[in-house]
Each structure stands twice: as C-alpha cells, then as structure tokens.
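First up is the structure itself, then whatever we jot down about it.
The values are calculated or read from the model by the stated rules, or taken from the named source; none is laboratory data. Only a predicted model underlies this, so the values are computations on that prediction, with no experimental measurement involved. Note that each Cβ is placed from the backbone with ideal geometry, even for glycine, and that neighbours are counted across all protein chains shown.
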Amino acid sequence: MTRSMVLKDCCLYDPVNGVAGEHVDICIRDGRVVEREAGQTEVIDVGGRLVMPGGVDIHSHIMGSKLVHARAMCPEDQRLHTQAMTGTTRSGTGHTLPNSFAIGYRYSVMGYTTVVEPAVPPVRALGCWDEFRDVPNIDSALLAMLSNSTITMHYVEQGDISGLAGYIAWTLRVAGTFGVKVVNPGGVYAWAHGENVTRLDSPVPDWDVTPREILRSMCMAVGELNLPHPLHVHPINLGRVGNVETTIATLDALKGISTRTRGGSAAHLAHMSFECLSSVEGGGTEWRDIASGGTVFARYMNRNRHFTVDLGQVTFGPVTTLTGDGPFEAELFRTVHTKWSNLPVDSELPGGGGVVPLRFSPKSLTHSVQWATPLEFALSIDDIWRCVLTTDSPNGGPFTKYPLVISWLMSRRQREAWLDAVHEKTSRRTALASIDREWSLYDVAVATRAAPAKILGVSKWKGHLGPGADADVAVYDLRPEEVDLAHNPTLVLRALSRTYLTIKGGEVVAREGRAIKSVGGRLWTCHVELDSELAGRVESEMEEEFIPRWYAHAPENYAVPDRYRTGIERAVHREAMDIRP
Amino acid sequence: MTSVGVRLLLVTGRTVRQGRALESGKLQQEYMDSVAVCEVDRTTLRVLGVTDGGPVRVETIHGSVVVRCRVREGVDPGIAFMPCGPYANAVTGGHTATTGMPEFKGIDAVVLPAPGEGVPTPEELLRAQLEEGA
Amino acid sequence: MGRVICSFCGCLCDDIEVGVQDGRIVSVRNACALGRVRFLEWDRDRLRHPTVLRGGEYVQVPLSEAIDRAAEIVSSARRLLVYGLSSTENDAHREAYRLAELVGGVVDNTSSVCHGPSILAVQQSGIPVVSLAEVRNRADLVIYWGANPVAAHPRHIQRFVRAEGAFVRDRELWVVDVRRSETARVADRFVRVQPGSDLEVLSALRAIVNGHTLDVSSVGGLAMSELSELAERMQSAQYGVIFFGLGLTQTGGRHHNVDAAIRLVQDLNSHARWGLLPMRGHYNVTGANDTSTWQTGYPFAVDFARGYPRYQPGEYSAVDMLVNRECDAVVNVAADPAAHFPREAVRHLGRIPVVNIDPKKNMTSLVASVNIPAAVAGVECDGIAVRMDGLPLYLKKAVDPPPDVLPDREVLAEIYVKVAEELGR
C-alpha cells in the first residue's frame, strides 16, 4: 500500500539542505521524503508553522539493565508523572526515569524521532532488544561499552589493534550494537579492585595497560573499522573539579589518529558539562574551588577539529545519575548519602556502573557552576555542527527539559532571569553573564537534528528532509516570522515542548501535544565485513578462549537471536577488508 | 490421654526433594511425601514419644495440620523445619505488615504427637481450607 | 540438539545437553537434580486439556471455549488480580500487563512472596550487586546468608564459587544461617545465628566495621569474639560477596534485614570491593521484575485502577489482595498460589473465579474455574529469561508442546482480544 502525504506551507529549518525558514511543501511517500507527490494524497496544511526534521538525540539513557534497575530503585520518581492509557497509547509513569512507553511518547511529543542509548554492556544487549519493543515512536541505536572489558585489556596489552578491531566488529554483529562507547577507561576495571584511575598514564590492575593506551587503541580500531560513529568517549576523572585539563589531555591523546571517512573526527566527547570543570585561580580540586571550564574548553574546541561534543546540560531539580562509571557513582554516594547501587556486568564492566539519585539545586554554588559551564561553552564555540544538545538524560535532568535548555541558549533575557535565581557567586565563577550570543532557530536545528545525525553517521536518512530521508518531521505551533523568540523565552518553552504534529516514518504519531499512536521503531546496527582470516581468528578466540575463561555462560548464548531482530534491525554495512589478520 | 507438646520455632524453606517433586507434579504421592513433613532434632522426637516418620500435629495461631515427623541433621533443638508448600502454609499467617510478604519463618508453634491421625492429601487439605472460607 | 538453558531456578544454567528422540526428551546432561526433573519429567502430570468447572465437576472443553470463559471472568471482574509470571518468559509478562491495564486490574509476580522485601530495601538504600562471572573470576570471600543453595540452586556453588577464578587464587565460603543447612555442611565456616536475629547481627557487624565498640557480650547468639572474627574476615577480603536468601526476607524484620545487609556492604566498600545479590528462586522472577519495571515503572504489586500504574506492596501484592478479600477474580499464570500462599489467602481463592494457566496440574488447578494448559517455557517454547544477576538469556525450544497447547503469551493474547471485544475497546 502506498501511503502518501503532503505537508503544505512549512516554515522549514533544514540545515543539512541549507534551508532556513523558507516556506515549502514536504512530500512523503512510504515513509520517505520524496520530490513531489502526484495524485491521491493526504494534504495537511500546517499554515506556515515551524517545521524541522525529527529530532535526533545522540546520548540519552532510555533502555537497558541500568535504567531498569534505577526505575525499580526509585518508585518515588515513578509516582511524579503519570499518564493514563488511551485507546491507542499505553500508560506511563516517571519523571527522570519514565517507563518505556512514556519515553517514546514524550520524545515524540517534543518532535524527536531518533534517540541513541549510549551505554550498553553488549552481553546484556538482548535485554535492550527486548525492552526496545516497548519504546514506541522512536528509532534507536545501542552503543557498546567496551573500554573496560577484560577482552579489550587483553588485546590492548598485546598491542593487537587488529584483534581489538575484530573483537569490536564481532560485538557489533552478535549483540546488534551500532557504535563503541568508552567509559572511564581502565577506571571501571580498577573499580573491581576498589580502585580508580586519575591520570591517563595510571596503571590498570591485572594488566600492563594504561587509560591512554586503551583510548588510543580503541580509537585506532574504530577508525580502521570505518564505523559510522566515532569513538564515543566518557573520559576519566568525570565529575571532578579541574577535570577540564584531563579532558583536553584525553582529546590530545587522540589527535592525529587516522580516521578514514568521517572528516577527521576521532572521537565524540559525551556530556561535556561533567568533564569541563575548572577551578578558581590558585584553587585545588575541592568542590569549593569549582569554576567553569566552558570557555577554556570552547577555545580548545575552536582550535582543534578532531572531535565532536554533546552538552549533557545540567538542569535544576531531581535527576538520577546513572552511568557505567561505577567508581564515580561510589564517590558521589559518599558525598551526597542518598542511595547507591553498583552494577557490575560479567567481564565487560568488571567494577560496574552505578546509580545515585540527586537533586541539582540553584542554591548550591557547585550545581550553579555546573549549570553555567555547558551554556558558557555552547555560546562560545565557532562551529555548532560539532555540538549536540543533550542533558545526558537522566543525569543532567530528564530529556523533557530540552525546551528549557534551548530557551537558555536562544535568549539572553532568559539566562539573566536564571542567573538571578542561582547561587550569587555563580557569575564570579563563570563567564556566562558576559555572553551576549543567542542561538538562532537555525542553530537549534543544527544542534538537535542535523549535527547529531551527521555525527552518528546516519545523515543520509536522519536529521534532514531532503528527498530520500526518512519521513520524520516535527511541526511546532509557532510561526517564526511573527515572534521574537529571544525576547519570549516562555514561547520557546511552550512551542518546543509540544509539537503541533510529529510524523515518524510517514505516520502522525503525536498531535497538539499528545501522543496518538504507538508505532514500533527500528534499531540501527553496524555490520563490518572483515578479512575472513581475521574474522575467523577473533571468532575462535572469543568462542573457545575468552568467553569460556571469563564469562559464566556459553558462547552460543551470547548473540541476540534473529527472533528479536526481525522487523526491527536496520543495519548499516561497512567494509574493512584491509585490516591485517 | 493428654499428650505432651513441644514449643518450637517454625521455619519453612526449600529442600531438594520438595523442589524435584514440585517440578514433577504436585498431585503426585512424591510431592506429598516431600512436603507433609515436620523436621525436628532427635531429642524433640524422643520427648514427643513419636517414632521417626510418625504423625504429629503442628499448631500455630494461624491453624493446625497433621504431618509426618522426621529427625533431621542440622535442625537445632527448639526449631521445627517444614518444607515450603501447602502443609507449611496451613500454619503460616497471611499478615504482611504492609510489605506483601507473609510470615513464613520464625513462627511460634506447638508440635504434638498425633497417634492414629492420618496425614491429609494436598487435595484434602485444600478442600478443608476452602470450606473454612466458604 | 545443542546446549539449552535450564528454566528451573535463577541460575539459568545454559550448558544443559538435552537428547531428543521422536519429539521426546530422552536424556539430560550437566543438569542438577532439579533441572533433570524439569527436562526429563516435563511431560508428567500435565494439564492435558482445557477444563471449566460446571456443577462442581471439571468438564473438558475446546480451547476457544475455555478462552471465552476466561475472558468472561476477566471482563466481568471489578477488581482483577493477575498473578504469577516468574516461571514463564518475558513475552508472557507483556501480555499479562496489557491485560491488567485494559481492565484496570492489579498485576503482581511471585517476588512479593520471595524477594519483594529485598526490593523494598533497595528502594530505601540502593544495592551494590555482583555479577556471577565476576564472583567466579574475583571473589575471595563468599558468604551465603540465610540461603541454602545446595537445596534451592544446586549448581550455584559449583559454577560460581568452587570454580577456578581467573583473577583469584584462594576463596573461602562461609555460611550464616539459623540451622546447619546442607550448604553449611560444605562451607569452610558456618556461623549460627539465633532465629530472628539477623538484623541485630548485621547491624552489630556494621558498627564494628565502622570502628565502634559494642558494650555487650553477645549478639543474636554470637559471642563478641565470633562477631569480631566475622567482621575482621570481612574487612580483610579483597573482593567479598554476600548471597542472601529468604532467611532474610521471610523472617520478622523482612526488608529491614536486607537493608542492614546492604548498608553493611556499602560501608565495606570503603575497605575493599563488596557486593551482594539475592538468590532468586524462580528461573525468571528477575525477568518478571525487569519487564514489570520497564513496562509499568514498578517491579511488582502494580495497580491499574486509575488507568496508569500505581505501586504499593501490602495493598496491591497478591497475598494482601486475597487476605483483604479485595480481588473478585484471579488470573494465575505459571504459579501455584493454592500451594504457596498462607491459609487465609488460599481461602479467598475458593470464593472467587480463578483462571489458571499452567503446564502442569497443580493445587490451583483444583480451585480454578477454568484451567488452560500452557507450553513449558524453555522446553516447549522459546523466550527470554533473566539470570539472578541480571543477564538476559534466550531460552530455546527443545520439543513441541502437546497438540492444541499454546505458550502462555498466546493464551493471554487470546484472552486479551476477547476481553477487548467484550469491553468494546
């Protein structure tokens, strides 16, 4: 059945195609954008409203055992927001940790249609494939956490980049994952010994490797494999005062590593707000010395083009910190004394990730500076195409706060109002108050659609509305020519929180702020074809040596079976035949 | 005849035999044999004047039930152990203290000899409970 | 066929070799005594046909008629309880939640009567857990506390504790319990506590670990010297683990006991690596908590009366729903409340219509108004189950179910469709 639709009179912001506010019609057929639609078709006149490609979130914790654990651990969060079932939608709960249905609906109500789950221990990927069937109205991709895997340690210690690349390719294939995530490389491994690492050259227990070697080796392997998405990095020393220096050193360590096709990007730095903290002049690493590293890091980014960034914007109110960085969470628990879970995963996260609920308060200087840091950064960089808007949901705040974050970026007036409300010393620790810049709608469209799709490596289909793109469209109840958004931050909030229409794969899934449909999404995966000798070697090492030695289940039970992939998997194919065995 | 009862603390729990029998089929003789049991130490058995495998009545505030008494290594004086299942549940309480979890372990019980009394089958036990509720 | 996963207990042993001949299981290797029965006697004592209760007699009916009767019971209930789920696979859970949501009922899994209190403790304090491979690879001190794996998880010790560790040489196994269980007999050390005193013992240990001096001569039946020795041993471990069982959750203090264990282990992490893990009994009770959590927001005891999920153990948990005579119908899936609930709860089962969906004859099948046989998950149908440490595993199908016998998920889906029709949804 051919299904077609024309959206008439869209005030379109489509940065990939260089469109900034032109009035156009968008034609859709069979879930794709097409040049023109002739004949019988549904016409929806959107009356000059703001239209953007469906939003793309590159880093939001929406699935997996960590999130499931966090929800079960925090019924107090579940009780905060509830949504009753309707004839076409399932019931929802949760504020920072919504249930699966609510995650899908709330994203689609904001106009988002693609959301990446960035922290999956591949041995538990099956759980994500299962869970994803209950996340409606969005496409997704899973990033495999491999930087503390016992097997990675083995290959890095051997200096066997080919083996490491083979291991990554094997993991992407059998676990149905899309890209590779680094989390506190070496530190999460050391946490199995109750330790952490603090320097790029700290030793990692049990192995003759360092965080620097892990990072460089993984970056090389991902580069050789020609993966769509660069190495996704959560560096060491996250959440520590003064860590902007470590973060810059980490990125320096990856400079110059050859990457084949991605315009030279070696890494994507996740949630910079937690790793770009500086300290006051002459200060140390105590919390009382905290200062924003936003400007310092923006300067570094403006001078170095080998990486991209997402914000991980800190917002105020309840959050749930949940990361693959177990030692960080343990330290946080000792500071805040709320509650703490630590969650190791067989051989892949030996020390474990963790969960600690938290509340960011504007009365706290620390929290206020953490809030200002990513804003200061985002308003100081030259190239928004290398920057993605996120809150590292639910770490910096739930993803439902994106419109609020956008209002801070678009409106100086809004920032001033908030600067008045946060801790009085904030302006002495950050440069935010002195920044006049205001993001345009075009900038917003870049940082919430075009750039993340490009960085993710799916920009052929996502993040734009040219012919051939997936018909994922957000129509907002806003006529951009009629309003001055910088002076109307509440309008930004209101308009971007609830779409007029959200279209996912050619189907209207949300209308006027309500999800009206539950459509199954697709999960992106990446299959890399390797030289058969290398593939064979790694397969036999995995199945005959590593899994029997380090895991507690059989190799044949590692893979996600076809039963769970059929109709959901959307594979991107790559070739890396020239990696020597 | 007045019989001598022994006050014990009743603990219920899993046994291998009960686990196997439950998986095999709950309406089989093997299941009844595996769960219609109260395990005590040797001294308690002697005080009760019951032979190993003889019938006893276990009474708690929640109810009473006739099961076979057995001596068991590792059961301390003062403790009665019953494998979880319908017989144990006939004498455990439904109050959960708003947790959802009834009291399955650590219940005050009196174990009495029950000479001549038959152990009901699981089905008979169930029928009796349903009649109480009717 | 190749190796399959044993769907008996929370260990989900996945190295089971099953021999199949002419559609029947004829041999099993590597399984424990319980697993052997699961496979070899899978076809014994089955519910062979759907039955409905008519005039005090069970009458065989076609499946469609049993489904119709079940749907009638569900749609005419004012307060439905859906219960069980821990011995079936994740897809069946989905259908159960959907059904409960549709009619505004309550759905609870068996964790309310096993580790529900552990979940309450986790909601209070969080929990540093362990993964089983990492225990085998690294732990140098393993303590079973109020748990008897030799009886309930027979291969747990062999696979994860008394196995060679990749990064550890010596490992000690200690048991803390109120009785010298079978597990205590194979331990390096057995510590006996008085029944009902786990909370005191755990709290005292925590005080000692944190450097406090206790002005008492004994706690919970342990002399101070024994207690100090235990505390010292715990503090000298490099990688310690407490596996705890129903000995903590089913005694007086319930969640308070588990909370004390969690707090102790959280504090021990200042000295070395420590974790703890509940010994989950039913093979997919962990999965039932997981699916319930991602689909309803809550791990068990979920009520849909208002169209959205609410959570309250003690109200929406199965025993309370029955004891308080709150529910007026029950759909039981892969559990046996008539055998495993206290007398007071069982009585109410006799007063209300019960739809029983299970592969085997069980005690609930003697109470039910409708019995619908189901395929044995992990033997006759596939699906996902979750190991006690959170590892999801794909259960394979070894043999076909009997003719006209469907997996739980399909039975529930058919009931859903009928109920939706009757309610005009």
*Just to be sure, is B:Met82 under 17 Å from B:Arg14 (Cβ atoms), buried (at least 23 other Cβ atoms within 10 Å of the Cβ) and out of contact with any strand residue (DSSP E or B) (no Cβ under 6 Å at 6 or more places or on another chain)?*
no
*On the given criteria, is B:Leu27 within 11 Å of chain C (Cβ to nearest Cβ), under 25 Å from C:Phe341 (Cβ atoms) and surrounded by fewer than 23 Cβ atoms within 10 Å (Cβ to Cβ)?*
yes
*asked:* Which numbered condition in (1) in contact with a strand residue (DSSP E or B) (Cβ under 6 Å, 6 or more places away or on another chain); (2) surrounded by fewer than 18 Cβ atoms within 10 Å (Cβ to Cβ) is the only one that A:His367 fails?
replied: (2)
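It is to be established whether one or more residues within the range C:207-227 are outside any loop (DSSP other than H, G, I, E, B) and within 30 Å of C:Pro342 (Cβ to Cβ). Break it down stepwise before answering.
At the first step, the residues of the range C:207-227 found to be outside any loop (DSSP other than H, G, I, E, B) are C:207-209, C:218-219, C:222-227.
So of that shortlist, the ones also within 30 Å of C:Pro342 (Cβ to Cβ) come out as none.
Taking every residue of the range C:207-227 in turn, none turns out to be outside any loop (DSSP other than H, G, I, E, B) and within 30 Å of C:Pro342 (Cβ to Cβ).
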*asked:* Quick check on the range C:163-193: of everything there that is within 24 Å of the chain's Cα centre (by Cα) and under 24 Å from C:Arg38 (Cβ atoms), which residue is farthest from the other protein chains (Cβ to nearest Cβ)?
replied: C:Thr183
*Odd one out for A:Thr430 among (1) within 25 Å of the chain's Cα centre (by Cα); (2) surrounded by 24 or more Cβ atoms within 10 Å (Cβ to Cβ)*: (1)
*Is there any pair with a first residue in the range C:55-84 that is assigned by TED's automatic domain parsing to the domain that holds C:Glu95 and a second that is outside any helix (DSSP H, G or I) and at pLDDT below 95 whose Cβ atoms are under 6 Å apart and which are 6 or more apart or on different chains, and what are they?*
C:Leu63/C:Asp404
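Residues checked against (1) touching a strand residue (DSSP E or B) at 6+ places or on another chain (Cβ under 6 Å); (2) closer than 30 Å to A:Thr152 by Cα; (3) in contact (Cβ under 8 Å) with a residue 24 or more places away in the chain:
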| site | (1), (2), (3) |
| --- | --- |
| A:Val46 | yes, no, yes |
| A:Met52 | yes, no, yes |
| A:Gly55 | yes, no, yes |
| A:Ser60 | yes, yes, yes |
| A:Thr82 | yes, no, no |
| A:Gly94 | no, no, no |
| A:Phe101 | yes, no, yes |
| A:Val109 | yes, no, yes |
*So C:Val26 fits all but one of (1) touching a strand residue (DSSP E or B) at 6+ places or on another chain (Cβ under 7 Å); (2) within 14 Å of chain B (Cβ to nearest Cβ); (3) without any contact (Cβ under 8 Å) to a residue 40 or more places away in the chain; what number is the exception?*
(2)
*Report, by residue number, each residue of the range B:77-134 that is of a type in the set (A, V, I, L, M, F, W, C), part of a strand (DSSP E or B) and within 11 Å of another protein chain (Cβ to nearest Cβ).*
B:Ile79, B:Ala80, B:Phe81, B:Ile107
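If we scan the range A:302-312, do we find a residue that is in a loop (DSSP other than H, G, I, E, B) and aromatic (Phe, Trp, Tyr)?
At the first step, the residues of the range A:302-312 found to be in a loop (DSSP other than H, G, I, E, B) are A:304-306, A:311-312.
This time we only want the ones that are aromatic (Phe, Trp, Tyr), so: none.
Within the range A:302-312, none of the residues are in a loop (DSSP other than H, G, I, E, B) and aromatic (Phe, Trp, Tyr).
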_Selected residue (criterion: nearest to the other protein chains (Cβ to nearest Cβ)) from residues of the range C:307-326 that are crowded, with 24+ Cβ neighbours inside 10 Å and of a type in the set (A, V, I, L, M, F, W, C)_ = C:Val319
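Name the residues in the range A:149-192 that are farther than 14 Å from A:Arg216 by Cα, in a helix (DSSP H, G or I), out of contact with any Gly (no Cβ under 7 Å at 6 or more places or on another chain) and of a type outside the set (Val, Ile, Thr), would you? Walk me through it before giving the result.
Step one: of the range A:149-192, the residues farther than 14 Å from A:Arg216 by Cα are A:149-151, A:154, A:163, A:166-179, A:187-192.
Next, from what is left, pick out any that are in a helix (DSSP H, G or I): A:150-151, A:154, A:163, A:166-175, A:187-192.
Filter once more, keeping what is out of contact with any Gly (no Cβ under 7 Å at 6 or more places or on another chain): A:150-151, A:154, A:163, A:166-175, A:187.
Across the range A:149-192, the qualifying residues are A:His154, A:Gly163, A:Gly166, A:Tyr167, A:Ala169, A:Trp170, A:Leu172, A:Arg173, A:Ala175, A:Gly187.
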*Would you be able to tell me the number of residues in the range B:1-24 that are closer than 16 Å to B:Lys105 by Cβ and either without any contact (Cβ under 8 Å) to a residue 60 or more places away in the chain or more than 9 Å from chain C (Cβ to nearest Cβ) (or both)?*
2
*Residue tally, condition modelled with pLDDT under 95 and aliphatic (A, V, I, L, M), over the range C:169-192*: 1
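Could you tell me which residue of the range A:326-374 is nearest to the chain's Cα centre (by Cα), considering only residues that are β-branched (Val, Ile, Thr), within 20 Å of A:Ala190 (Cβ to Cβ) and within 12 Å of chain C (Cβ to nearest Cβ)? Walk me through it before giving the result.
Within the range A:326-374, the first condition is being β-branched (Val, Ile, Thr), and the residues that meet it are A:335-336, A:338, A:345, A:355-356, A:366, A:369, A:373.
Among the residues that remain, those that are also within 20 Å of A:Ala190 (Cβ to Cβ) are: A:335, A:345, A:355-356.
Still in the running and within 12 Å of chain C (Cβ to nearest Cβ): A:345, A:355-356.
Working: A:Val345: 21, A:Val355: 18, A:Val356: 19 Å.
Among them, the one singled out is A:Val355.
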*asked:* For the range A:373-390, check the following and say yes or no: at least one residue is within 30 Å of C:Val122 (Cα to Cα) and buried (at least 24 other Cβ atoms within 10 Å of the Cβ).
replied: yes
*So which of C:Ala329, C:Ala335 is closer than 30 Å to B:Ala21 by Cα and away from chain B (no Cβ under 14 Å)?*
C:Ala329
*Find all pairs meeting these conditions: Cβ atoms under 9 angstrom apart; at least six residues apart or on different chains; first residue within the range C:277-302 and without any contact (Cβ under 8 Å) to a residue 12 or more places away in the chain and not assigned by TED's automatic domain parsing to the domain that holds C:Val122; second residue in a loop (DSSP other than H, G, I, E, B) and among the β-branched types (Val, Ile, Thr).*
C:Trp294/A:Val135
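Answer yes or no as to whether C:Ser292 is among the polar types (S, T, N, Q) and more than 23 Å from the chain's Cα centre (by Cα). Break it down into steps so the answer makes sense when it comes.
Working: among the polar types (S, T, N, Q): yes; more than 23 Å from the chain's Cα centre (by Cα): no.
No, not satisfied.
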